[in-house]
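Reviewing the structure listed below.
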Amino acid sequence: MREGIAAIIRNEPDMELVAEASCGREAIQGYRDHRPDITLMDLRLPDIGGIDAMIAIRTEFSEARIIMLTTFEGDVEIQRALQAGAQGYMLKTMPRKQLVETIRRVHAGKKYIPPEIAAHLADHLGEDTLSKREVEVLQKIAGGNRNGDIAALLFISEETVKGHVKHIMEKLGASDRTEAVAIGIRRGFIHL
């Protein structure tokens, strides 16, 4: 995928590829070494997450313009990336023309979120988000754990777990634990 994107950028007369990275730590160091005008950052990296790598870069270089690139379109991850300072968000499945247009828009100082991603965000606007503890409980449910197991793993009472499960199901509009896990994965609260 990275090679394909690199080839697209190399074929644009007004763009120059200055560096590539295969993981978050390389991306952070690569930014320090090259200070690119625009950085395309994959959301899923083998060492640290793309959002965390972006935060590290933007902490050191607040002017860094970063476009998140992913196959994933869960609203929670999109919101987190945008709140952390991403200027754009793109799906890897988007056409080549849209990729270069997004780079040009962000280079011009504009933010860009494709309409289908913006619509996905709007679908969940104003909905309750899960607390950190609720996300932990949902992750344990996804791992096949029962309430008693979750209580032991998180050092909380089983009654507290039951309360968290009830709130998770209400917030996600799920009718059972399996549906809550499916919604949690689709929206980006948890990852398998």
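The values are calculated or read from the model by the stated rules, or taken from the named source; none is laboratory data. The model shown is predicted, which means the values in this text are computed figures rather than measured ones. Methodologically, a virtual Cβ is constructed for each residue, glycine included, from the backbone with ideal geometry; neighbour enumeration extends over all protein chains shown.
Of everything in the range 1-20 that is β-branched (V, I, T) and in contact with a strand residue (DSSP E or B) (Cβ under 9 Å, 6 or more places away or on another chain), the residue that is farthest from P36 (Cα to Cα) is I5. Just one of the listed residues (A118, A151, A122, A108) is without any contact (Cβ under 8 Å) to a residue 12 or more places away in the chain, aliphatic (A, V, I, L, M) and touching an Asp or Glu at 6+ places or on another chain (Cβ under 7 Å), namely A151.
Here E158 meets the list (1) closer than 25 Å to R80 by Cβ; (2) of a type outside the set (A, V, I, L, M, F, W, C); (3) surrounded by 13 or more Cβ atoms within 10 Å (Cβ to Cβ) almost entirely, failing just condition (1). The residue list D123, D149 contains one member that is exposed (fewer than 13 other Cβ atoms within 10 Å of the Cβ) and over 16 Å from the mean Cα position of the chain (by Cα), which is D123. Can you confirm whether G184 is on the phi > 0 side of the Ramachandran plot and at pLDDT below 95? Answer is no for this residue. Of the residues E77, E16, E116, which is under 20 Å from R187 (Cα atoms), surrounded by fewer than 16 Cβ atoms within 10 Å (Cβ to Cβ) and either touching a Pro at 6+ places or on another chain (Cβ under 7 Å) or not basic (K, R) (or both)? Of the residues listed, the single one that is under 20 Å from R187 (Cα atoms), surrounded by fewer than 16 Cβ atoms within 10 Å (Cβ to Cβ) and either touching a Pro at 6+ places or on another chain (Cβ under 7 Å) or not basic (K, R) (or both) is E116.
Taking A6, is it touching a Gly at 6+ places or on another chain (Cβ under 9 Å) and over 16 Å from P114 (Cβ atoms)? No, not satisfied.
Of the candidates V135, V181, V161, the single residue that is in contact (Cβ under 8 Å) with a residue 12 or more places away in the chain, farther than 20 Å from Q79 by Cα and not small (G, A, S) is V161. Filtered by the rule that a residue be crowded, with 20+ Cβ neighbours inside 10 Å and charged (D, E, K, R), the range 38-64 gives a lone residue, D42. Quick check on G144: is it outside any helix (DSSP H, G or I), in contact (Cβ under 8 Å) with a residue 12 or more places away in the chain and either under 19 Å from the mean Cα position of the chain (by Cα) or exposed (fewer than 13 other Cβ atoms within 10 Å of the Cβ) (or both)? Judged against the criteria, G144 is not a match.
One residue stands out among those in the range 161-177 that are among the small types (G, A, S) and either touching an Asp or Glu at 6+ places or on another chain (Cβ under 6 Å) or more than 17 Å from L192 (Cβ to Cβ) (or both): the one that is surrounded by the most Cβ atoms within 10 Å (Cβ to Cβ), which is G163. Here the strands (runs of 3 or more DSSP E) wholly within the range 1-104 that include at least 1 residues being within 22 Å of A122 (Cβ to Cβ) are 66-70, 88-91.
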